[in-house]
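Undergrad: Below is one structure. I have some questions about it.
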Amino acid sequence: HLQGKQRAMRERLLELSTIVTAASLVLLVPVAAYNRAFVSLWVGSSMYASDLVTLMGCVNIWLSALVSLWGWPITGTGSVRLIVPVTLSSLAVNVAVSIVATSRWGIIGPLVGTLAALLGISIWAVPRLLKRLFELSPVSLLTRALWPLTYGLPYAVCVWFASRQWPPTSWWQLLAEGTLSALA
């Protein structure tokens, strides 16, 4: 951007969006699939919250990584003042929804609040700022960020199935299955 290479900067951000999603799949699919076994081995299966809690946590991590990546060019080029209202709005939604959701649904409440803030504010507002500042199409950005899901979701189903069909019963087995899943 500072060198005047706007087109290259936009293309790198699109590439990084794809990479963040692909890396998130590589790392978070095994976490989601094997978290039940991990918790069972560590503190006992009665302490496992639920698959929904695990899945929602992983989705929140992925979306947070994307929003963080997209915010870097904004803050890095001195436009922090433009992203502050987005951040504060997201914070307000997160806190309000988290409080209500926790009182209604318990432990999953804060995850619902974070997801509501990410989907309701950040995931569309930050790309709009990128459009305004760098002429980067929000549709292109979201398309490139979502593209790895076309092969990642079938991979996730296979890993999930394997983790349920052959649940690890030892730390070594958990390490081996989780590592093989990430390498796959």
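The values are calculated or read from the model by the stated rules, or taken from the named source; none is laboratory data. Because the structure is predicted, anything quoted here is derived from the model rather than measured. In this analysis, Cβ positions are derived from the backbone assuming ideal geometry, glycine residues included, and neighbour counts consider all displayed protein chains. What goes into the accessible areas is simple: the full protein's heavy atoms, side chains included, and nothing from ligands, DNA or RNA. Shrake-Rupley method; radii C 1.70, N 1.55, O 1.52, S 1.80 Å.
Undergrad: Distance from the Cα centre of the stretch 20-52 to that of the stretch 54-117, in angstrom?
TA: 21 Å
Undergrad: With every protein chain kept in place and ligands, DNA and RNA left out, what is the accessible area per residue of the stretch 134-183? Probe 1.4 Å, answer in Å².
TA: In whole numbers, the stretch 134-183 has 65 Å² accessible per residue.
Undergrad: Could you rank 93, 139 by how accessible they are, 1.4 Å probe, largest area first?
TA: Numbers: 93 45, 139 105 Å².
Descending order: 139, 93.
Undergrad: Mind giving me the nanometre distance, one decimal, between the label points for residue 150 and residue 131, set 7 Å out from Cα along Cα→Cβ?
TA: Computed distance between label sites residue 150 and residue 131 equals 2.3 nm.
Undergrad: Report, to two decimal places, the Cα Rg of the stretch 41-184 normalised by 2.2 N^0.38 Å (N = number of residues). It would help to have the intermediate numbers written out before the result.
TA: On the way: Rg = 18.5 Å, N = 144, 2.2 N^0.38 = 14.5 Å.
So the stretch 41-184 has a normalised radius of gyration of 1.27.
Undergrad: Related question: How large a share of the accessible area of the stretch 27-146, in percent, is made up of carbon and sulfur atoms when the probe is 1.4 Å and the other protein chains stay in place? Don't skip to the end; give the middle numbers.
TA: Values: 4390 of 6260 Å².
Within the stretch 27-146, the accessible surface is 70 percent carbon and sulfur.
Undergrad: Now for a different question. Once both labels are modelled 7 Å past Cα along the beta-carbon direction, what's the residue 5-residue 91 spacing in nm?
TA: 3.5 nm
Undergrad: Quick one: putting +1 on the C-beta of Lys and Arg, -1 on the C-beta of Asp and Glu, what dipole do you get for the chain around its Cα centre, in Debye to the nearest 20? Walk me through the numbers on the way to the answer.
TA: Details: 12 positive and 5 negative charges, 113 e Å.
Charge dipole of the chain: 540 debye, to the nearest 20.
Undergrad: Hey, another quick one. Defining a contact as two alpha carbons under 8 Å apart and six or more residues distant in sequence, what relative contact order in percent does the chain show? Before the final figure, lay out each step's value.
TA: Numbers: 187 pairs, mean separation 61.6, N = 184.
The normalised contact order for the chain reaches 33 percent.
Undergrad: Can you put 11, 177 in order of accessible area, largest first, using a 1.4 Å probe? Walk me through the numbers on the way to the answer.
TA: Working: 11 65, 177 35 Å².
Per-residue accessible area, sorted high to low, gives 11, 177.
Undergrad: Run the simple label-point estimate for residue 124 and residue 157 please: 7 Å along Cα→C-beta, distance reported in nm.
TA: 2.9 nm
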